[in-house]
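Read the structure below first, then the notes.
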Amino acid sequence: MTSRSARLAAYCLLALHAVAALPGFFAPYGYAVQDRDFPYAPPTRLHFFDARGTLHLVPFIYGLRPDEGGSYAEDTSERYPLRFFARGDSYRLLGLIPSSRHLVTVDAPGRLFLMGSDALGRDLFSRLVYGGTVSLYAGLFGAALALALGGLIGALAGFYGGRLDSVLMRTSEVFMALPWLYLLIAARAIQPLDTPPARALLIVILILGGFGWPRPARLIRGVAASIGRREHVLAARGFGASDLYLLRRHVLPRTGSVIWTQGALLVPQFVLAEVGLSFLGVGVSPSIPSWGNMLGDLQHFHVLTSDWWWLGFPGLALVFVTLAYHLLARGATVTSG
Amino acid sequence: MTILESIPRALAILLVAAQLACGAPGSEPAPAEGPGSDSPSASLQGTPGGRLVAALRAEPGTLNPVLAADRPAQTLRYLTHSDLIHINRETQLTEPALAESWSVSEDGTLYTLRLRRGVFFSDGEPFDADDVVFTFEVYLDPEVASPNRSLLIVHGEPVRLEKIDAHTVTLRLAGPYAAGERLFDSIAMLPEHLLAAPYAGGTLSDEWKISTPSDRFAGLGPFQPSVYRSGESLTLKRNPHYWRRDSQGRQLPYLDELVLRFAPSEDAEAIRFQSGEIDILSDISAGNFVALAASATSAELSLRDLGPGLAYNFLFFNLNELAGDDLPAVAARQEWFRQLEFRRAVSEVVDRDAITRLVYQGLARPLGGPVPEGNRLWRNTALEAPARSVESARARLRAAGFTLGADGTLRDPRGAPVRFSIVTNSSNRQRVEIAAIVQEDLRALGIEVQVVPIGFQSLVQRLLETHDYDACILGLGGGDVDPNSESTVWLSSGSRHLWAPAQESPVTSWEATVDELMTRQLTEIDAAARKRQYDQVQQILAEQLPLVYLVSPNVLAGAHRDLGNFRPTILEPSALWNVHELFWTPSRKKP
């Protein structure tokens, strides 16, 4: 059961990360595109039957027109069928290949707001997808960095013990005590104003990873210390094996399951950290969406009272990602156990 | 708010603007939808008693009126103290307060004020000319460093106050001053009997902190501090000796208690207002105003849209003369910013209607000049917001030698791509949204813009000290309608001359002309001539675009529907300006 749910979680996460890796393709529009005629539009309804009751195999949408109550009504005079793999706003696939194909879109002047639009008429679904790129990959790369540093430092400390162990572990304690939030704010403050958003994101990742290594390091140190004293390792040393050989051949492979489990636990933590930072306005620049700065909008009274539902989506996505990673972590623990 | 205490008044005013408040006079109260849209013009007879809960955005830094720099402290000064000549927030004209009458000498330099008799401080001690003399001595003392001191320096010299007898004082100015009577507003009269000793001992700044016991406090305002709960509220109680009476001779204020509840944000205020925890609210943001009007409890609320106030939001470029090679990147970009056609193109491409509609839900007015519609007395009505035209903006840039590259990027005559950043204060969501709109609009010209919201303190430091920025979106809004309240913005030597503050001598010829006109209107006693001069100032500022004027937000306020005499104004402190006559109608009285 556990392994099956872990596998399911792994597939879901794989799919989610694939979507987040190619936001330009999966999002119908660019994240900054403003349709100023449609602020706070509700999610567009997909139809199969038109006003006369005729069935259409390809779902379609109607256009929107503002009604008197400050909301919107469907304008049934014109149908806009969904178009798959059609051309739309241009973007760069993986940041390199110019393209304008989108998984799904509609012909202009129709507007596909799968999750509604925000105050400036930007498509929320597109922003959620682009925001996923920021939030998920900040978490993933941050955790990878923390694990790489933690794995190396922990293995060295555990394997060699003695003074090196004390120095490295005391250093880890210092890092755990450092107020990293202030450091992050300070690091952001000394950057020039025209720092590109990508570099700002890199700083967030470096700080998350650079300050997240002590916990995995301490765990891995324990594993490495116990392995280092096992008889087969002592025997190998007796046969003249070098430290590098022992680390590579005997110690690091044994820490694999710990690293996997830690990774599955750290990623959602770091995703949440990025979301928290952006929510507070010290994460990525608000010009680019992230789940955190999208959730930040929910703090506003009028959004909370009238349009709360659309902002629930980043929250739901976050719950889903966290849950999936935890299932994965449990699966990894059970397998290694 | 304690950080604020250390920054000069100019910055405090900036902050006021930053928090998007800014009341402004002159606009017709336009009733909002929903109940309570009746707007009584004259004060109603109230019934005494009751308790009113109002919101304060932060804890005031001090109860000491001399040192009130932050906005909560200024509101508190208004509630607990009185001045000699007062600006009526509703009529925007001066009216007698503690001075029951005054006369001005023919040359406009000597004011003789006759003080009201039988006035007592809240502790029962009498008020007389000695208190006035003491007050001006304290305000003018450079050691005290009152943020109001600069108001009392006229033509470079401090005003001189003399006591004639116990109920008469004279005030001498170094030269004629057009807004002389308005000087006295906000100069809170201090009790000499309580503050003379600490002043002599040099400890005045330690007096009247927010936690000071109420028996060591005395003021001439309608209320006096009573109970302070840290992080929660400050309760004021009725001043039994307040000097104002209603038309039937009954002593004011009507209310027994005024509770100021600290709410950290406009959203927290709105939630508490909707739930009935707060009875009266100023500075409601447009989004929250619309949401409140649509909420289930809106029948309980009286919501007022007062039309555009004195606040104006704008985009401006860094036009400082940068010393040496400190900021080569900024200096290179300044070559674009200094070109008038570049600024005009930017102004023409910005979609002011979209800002009004999307950011302010239609509760704002596009701007074509520096004085918003709220200031009906002084606005140059010939200045209209420019019509948006991407084509015309492109033509201007082409004429100035800019070209559109094959990749759609605008390039300057040297071939460098036109890219810059716009800073704004992160705490003001409206401005961050305006920046996102401007960013999209400029993309239509091929200009790539980074929007960088930063903390307010750090923003002020960049604007006024390091000059390390390209462009900025900010707002200002004087405390008064009179042109003098904006003189530090338009004078090239002014501390709020944001695009290039505190110049030793005007850098451009048009700044020199503005300086001359602003100085001339300062001493012009003839109101019509003064208006002509100020119109000309506005004309120049609209042509030269040191600030790209965007929109002026409406002033929005609300109160419980059973609150009598609720007549908010566009001048600060908006909903609480007539706190002495507010009362609960018999249909609902607070315990």
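How large are Rg and Dmax for region B:312-553 when calculated on the C-alpha trace, in angstrom?
17.5, 59
Along the principal axes of its C-alpha atoms, what lengths does region A:128-336 span, in descending order and rounded to whole Å?
Principal extents (Cα only, largest first): 72, 40, 25 Å.
Which FRET efficiency value, to the nearest 0.05, do you get for B:Val227 and B:Ala387 by plugging their Cβ-Cβ distance into 1/(1 + (r/R0)^6) with R0 = 51 Å?
Efficiency at R0 = 51 Å is approximately 0.35.
With unit charges on the beta carbons (Lys and Arg positive, Asp and Glu negative) and the dipole taken about the Cα centre of region A:44-112, which residue among A:Tyr91, A:Gly63, A:Val106 sits farthest to the positive side?
A:Tyr91
With labels modelled as points extended 7 Å from the Cα through the Cβ direction, what inter-label distance (nm, one decimal) is found for B:Thr112 paired with A:Arg163?
About 9.2 nm, to one decimal.
At 222 nm, what value in deg cm²/dmol follows for chain A if DSSP H runs of at least 4 each add -39500 (n - 2.57) and the sum is divided by all its residues, to the nearest 500?
Numbers: 13 runs with 196 residues, N = 337.
-19000 deg cm²/dmol, from helical runs alone.
Of the peptides A:86-98, B:291-303, A:184-196, how do they stack up when ordered by the mean number of other Cβ atoms within 10 Å, highest first?
Values: A:86-98: 12.5, B:291-303: 18.2, A:184-196: 14.4.
In descending order of packing, they fall as B:291-303, A:184-196, A:86-98.
Hey, got a sec? Which trypsin sites (Lys or Arg not before Pro) in region B:96-186 land in a DSSP loop and have at most 13 other Cβ atoms within 10 Å? Can you show the working numbers first?
Values: sites: B:Arg114, B:Arg116, B:Arg117, B:Arg149, B:Arg160, B:Lys163, B:Arg172, B:Arg182; in loops: B:Arg116, B:Arg117.
Hits after loop and neighbour filter: B:Arg117.
Volume per residue, Å³, of the convex hull around the alpha-carbon atoms of region B:194-327?
Details: hull volume 35.2 nm³, N = 134.
Value for region B:194-327: 263 Å³ per residue.
Work out from phi, with θ = phi - 60° and the Karplus expression 6.51 cos²θ - 1.76 cosθ + 1.60, the ³J(HN,Hα) of each residue of region A:280-292, listed in order in whole Hz, and give x for Gly and Pro.
In residue order, the calculated couplings are 7, x, 10, x, 6, 4, x, 5, 10, x, 9, 4, x Hz.
Where nothing but the Cβ of Lys and Arg (+1) and of Asp and Glu (-1) is charged, how large is the charge dipole of the protein assembly as shown around its Cα centre, in debye to the nearest 20? The partial results should precede the final answer.
On the way: 83 positive and 95 negative charges, 913 e Å.
Around 4380 debye, computed over the protein assembly as shown.
I'd like the Kirkwood hydrodynamic radius of region A:44-112, using the inverse of the mean 1/r over distinct C-alpha pairs, in Å. Write down the numbers at each step before the final one.
Values: mean 1/r = 0.0735 Å⁻¹.
Evaluated on region A:44-112, it is 13.6 Å.
Take region A:274-317, drop everything but the C-alpha atoms, weight them equally and run the Debye formula without solvent; then report log10 I(q)/I(0) at 0.15, 0.31 Å⁻¹ to two decimals.
-0.32, -1.05
Using a Förster radius of 56 Å, what is the FRET efficiency between B:Ser275 and B:Ala400 based on their Cβ-Cβ separation? Nearest 0.05, please. Could you put the intermediate results ahead of the total?
Working: r = 55 Å, r/R0 = 0.98.
Rounded to the nearest 0.05, the efficiency is 0.50.
Would you work out if region B:405-467 is rounded, prolate or oblate? Take a ≥ b ≥ c from the square roots of the eigenvalues of the alpha-carbon gyration tensor; rounded if a/c is under 1.5, else prolate when a/b is larger than b/c, oblate otherwise. Walk me through the intermediate numbers first.
On the way: a/c = 4.40, a/b = 1.70, b/c = 2.59.
Since a/c reaches 1.5 but b/c is at least a/b, the shape of region B:405-467 is classed as oblate.
So for the pair A:Met176, B:Ala527, with labels modelled 7 Å out along Cα→Cβ, what separation do we get in nm?
7.4
Rounded to two decimal places and with Rh computed the Kirkwood way over Cα pairs, what is Rg over Rh for region B:64-103? Mind showing how you got there, number by number?
Values: Rg = 11.6 Å, Rh = 11.2 Å.
That ratio equals 1.03.
With only alpha-carbon pairs counted, each pair once and no self-pairs, how large is the Kirkwood hydrodynamic radius of region A:208-297 in angstroms?
Numbers: mean 1/r = 0.0636 Å⁻¹.
It works out to 15.7 Å.
Just to check I understand the Karplus step: with θ = phi - 60° and J = 6.51 cos²θ - 1.76 cosθ + 1.60, what whole-Hz values come out for region B:71-77, glycine and proline as x?
Each residue's phi maps through the Karplus curve to give 5, x, 5, 5, 4, 5, 4 Hz.
Would you mind giving the mean number of other chain beta-carbons within 10 Å of the Cβ of each residue in A:31-40, as a whole number? Provide the component values of the computation, followed by the final result.
Numbers: counts 0, 4, 1, 8, 0, 8, 3, 0, 5, 3.
Mean partner-chain Cβ count within 10 Å for A:31-40: 3.
Can you pull out the GluC sites (Glu not before Pro) in region B:86-129 that DSSP calls coil and that have at most 15 other Cβ atoms within 10 Å? Can you show the working numbers first?
Numbers: sites: B:Glu90, B:Glu100, B:Glu106; in loops: B:Glu90, B:Glu106.
Hits after loop and neighbour filter: B:Glu106.
Please identify every one of the chymotrypsin sites (Phe, Trp or Tyr not before Pro) in region B:561-591 that sits in a loop by DSSP and has no more than 11 other beta carbons within 10 Å of its own beta carbon. Let's see the in-between values first.
Values: sites: B:Phe566, B:Trp577, B:Phe583, B:Trp584; in loops: B:Phe566, B:Trp577.
Qualifying residues, ordered by number: none.
Return, for the Cα atoms of the protein assembly as shown, the radius of gyration and Dmax in Å, separated by a comma.
32.1, 111
Over what distance in Å are the Cα centres of region B:381-432 and region B:355-371 separated?
Distance between centres, Cα-based: 19 Å.
When only alpha-carbon atoms count, how far does region B:244-305 stretch along each of its three principal axes, as whole angstroms with the largest first?
That gives 42, 23, 18 Å along the principal axes, largest extent first.
When only alpha-carbon atoms are used, what values of Rg and Dmax, in angstrom, describe region B:115-265?
17.1, 48
Please give the per residue accessible area of region B:312-553, computed with a probe of 1.4 Å over protein heavy atoms only, in Å².
That works out to 37 Å² per residue.
Taking 2.2 N^0.38 Å as the expected size of a compact globular protein, what ratio does the Cα radius of gyration of chain B give against it, to two decimals?
Details: Rg = 24.5 Å, N = 591, 2.2 N^0.38 = 24.9 Å.
Relative to the 2.2 N^0.38 Å estimate, chain B comes out at 0.98.
Using a 7 Å offset from the Cα along the Cα-to-Cβ direction at both A:Thr76 and A:Leu103, what is the distance between the two label points in nm, to one decimal?
Placing both labels 7 Å along Cα→Cβ, they lie 3.1 nm apart.
Let me know the charge dipole size of region B:71-127 about its Cα centre in debye, to the nearest 20, where only the beta-carbon of Lys, Arg (+1) and Asp, Glu (-1) is charged. Present the calculation step by step, with values, prior to reporting the outcome.
Values: 6 positive and 8 negative charges, 41 e Å.
Dipole of region B:71-127, to the nearest 20 debye: 200 debye.
Take the Cα atoms of region A:1-141, find their three principal axes, and give me the spread along each one in whole Å, biggest first.
Taking the Cα atoms of region A:1-141, the three principal extents are 49, 35, 30 Å.
What length, rounded to one decimal in nm, is gained on full extension from B:Gln536 through to B:Thr585, with 0.36 nm per residue of separation minus their alpha-carbon distance?
Working: separation 49, 0.36 × 49 = 17.64 nm, distance 4.84 nm.
This chain segment gains 12.8 nm when fully extended.
With every protein chain present, what is the per residue accessible area of chain A (1.4 Å probe, Å²)? Please list the in-between numbers first.
On the way: 16790 Å² over 337 residues.
Normalised by residue count, the accessible surface of chain A is 50 Å².
Compute the Kirkwood hydrodynamic radius of region A:134-198, taking the inverse of the mean of 1/r over all pairs of distinct Cα atoms, and give it in Å to one decimal.
Values: mean 1/r = 0.0702 Å⁻¹.
Result for region A:134-198, one decimal place: 14.2 Å.
Grab the DSSP H runs of chain B that are 4 residues or longer, score each as -39,500 (n - 2.57), total them, divide by all residues and round the 222 nm result to the nearest 500 deg cm²/dmol. Could the numbers behind the result be given before it?
Values: 15 runs with 152 residues, N = 591.
Helix-only estimate at 222 nm: -7500 deg cm²/dmol.
Positive end of the dipole of chain A, charges at C-beta (+1 Lys, Arg; -1 Asp, Glu), about the Cα centre: which of A:Val284, A:Ala157, A:Leu328 has its Cα farthest in that direction?
It is A:Ala157.
So what is the orientation-averaged projected area of region B:486-591, using the convex hull of its C-alpha atoms, in nm²? Intermediate results must be reported in sequence, preceding the final value.
Values: hull surface 40.5 nm².
If I average the Cα hull's projected area over directions, I get 10.1 nm².
The values are calculated or read from the model by the stated rules, or taken from the named source; none is laboratory data. Keep in mind that what you see is a predicted model, and the values were worked out from it rather than measured. Cβ sites come from the backbone with ideal geometry, for glycine too, and all protein chains shown count toward neighbours. Areas reflect the complete protein model, heavy atoms only, side chains present, ligands, DNA and RNA absent. Shrake-Rupley method; radii C 1.70, N 1.55, O 1.52, S 1.80 Å.
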